[in-house]
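Notes follow once the structure below has been shown.
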Amino acid sequence: MALDIVTIPCLKDNYAYLVKGAGGCCLIDAPEAGPILATLKSRGWRLDTLLITHHHHDHVGGVEALRAAYGCTVMGPQAEADKLPPLDRALQERDTIGEGEMLAEVIEVPGHTLGHVAFHFPAGPAVFTADSLMALGCGRVFEGTPEMMWESLSKLTALPPETVVYSGHDYTLANAKFARTIEPGNAELIARIDRTVSMRVRKLPTAQAPLSEELATNPFLRAGQPHIKQALGMADAPDAEVFAEIRARKDRF
């Protein structure tokens, strides 16, 4: 049985994700309860496990209502346990959850917050990155450092290229506008922007893409490309320093 992954729009531009397989049903992040409860009811699914990526309210606002409705096991990063709803299990790097096709691996990706984690389902193949790696972008560096975020993104880019990245917000069009300022001649980026615009017209989610596509179009993953370094006047700079400059430019964009 292949994993069934359902994208649930929440709040203004958040996403929650249901993952269903032979081993049960889990949810990644709970921005608000209503849309998630409605989706579970419409599909006749029971929520077994709720996985939290980080402590920001727009990722945990629905946790307690879902716990009350289903008695689901709530898991999240140990490093943020004091900022999260009560956890049934605190998670660290290389911990695993579930088994078989529902096996998920925990990847610590600090930067946006100090305890942020991502969840990798090899059977998907899928990785749920919330506010670390995002479609054509990455999260703001609120609690960590640019160097920390670059190291986190480098962990994610080491996953198999066919892995589908599911991020926590649909900022794709805004990220696309910025990406063109860094690499205006990238034909793959231009084609992706055209696809994104078409998808948004049809009211389809656009914050999910194969890692291979992110590697080819996401400026935050391309800080090591010589032509980008040259264009930024940073030909001899370390990759992490170039990433920091790109992040700073996006913050001002």
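The values are calculated or read from the model by the stated rules, or taken from the named source; none is laboratory data. Fair warning: this is a prediction, and the values are worked out from it, not measured in the lab. As a convention, Cβ positions derive from the backbone with ideal geometry for all residues, glycine included, and neighbour counts pool all protein chains shown.
Find the residue count for region 210-238, including only residues that are part of a helix (DSSP H, G or I) and surrounded by fewer than 16 Cβ atoms within 10 Å (Cβ to Cβ).
6
List every residue pair whose Cβ atoms lie under 7 Å apart, where the two residues are 6 or more positions apart in sequence or sit on different chains, the first residue falls within region 223-244 and is aliphatic (A, V, I, L, M), and the second residue, located anywhere, is surrounded by fewer than 18 Cβ atoms within 10 Å (Cβ to Cβ) and not in a helix (DSSP H, G or I).
As it stands, the answer is Val242/Leu232; Val242/Met234, since those pairs meet every condition given.
Give, as residue ranges, the helices (runs of 4 or more DSSP H) completely inside region 1-112 that count at least 1 residues that are modelled with pLDDT under 95, surrounded by 19 or more Cβ atoms within 10 Å (Cβ to Cβ) and hydrophobic (A, V, I, L, M, F, W, C).
The helices (runs of 4 or more DSSP H) meeting that bar number zero.
Given the criteria of a type outside the set (Val, Ile, Thr) and either in contact with an Asp or Glu (Cβ under 7 Å, 6 or more places away or on another chain) or closer than 23 Å to Leu153 by Cβ (or both), does Pro86 qualify?
no
Take the conditions closer than 25 Å to Pro219 by Cα and in a strand (DSSP E or B) and apply them to Phe128. Does it pass?
Here the answer is yes, as Phe128 does meet what is asked.
Considering only residues that are touching a helix residue (DSSP H, G or I) at 6+ places or on another chain (Cβ under 9 Å), surrounded by fewer than 19 Cβ atoms within 10 Å (Cβ to Cβ) and part of a helix (DSSP H, G or I), which ones fall in region 158-177?
Passing the criteria: Leu173, Lys177.
Out of all the residues in region 127-152, which are under 18 Å from Arg94 (Cβ atoms) and surrounded by 22 or more Cβ atoms within 10 Å (Cβ to Cβ)?
Val127, Phe128, Thr129, Ser132, Ser152
Assuming Pro161 fulfils every condition listed in (1) closer than 23 Å to Asp58 by Cα; (2) in contact with a strand residue (DSSP E or B) (Cβ under 9 Å, 6 or more places away or on another chain) apart from one, which condition is it?
Unmet condition: (1).
Could you check, for region 148-168, whether at least one of its residues is in contact with a Lys or Arg (Cβ under 8 Å, 6 or more places away or on another chain), under 21 Å from Pro205 (Cα atoms) and of a type in the set (Gly, Ala, Ser)?
Within region 148-168, none of the residues are in contact with a Lys or Arg (Cβ under 8 Å, 6 or more places away or on another chain), under 21 Å from Pro205 (Cα atoms) and of a type in the set (Gly, Ala, Ser).
Kindly indicate which of Thr73, Thr49, Thr53, Thr7 is under 22 Å from Glu151 (Cβ atoms) and not acidic (Asp, Glu).
So the residue among Thr73, Thr49, Thr53, Thr7 that is under 22 Å from Glu151 (Cβ atoms) and not acidic (Asp, Glu) is Thr53.
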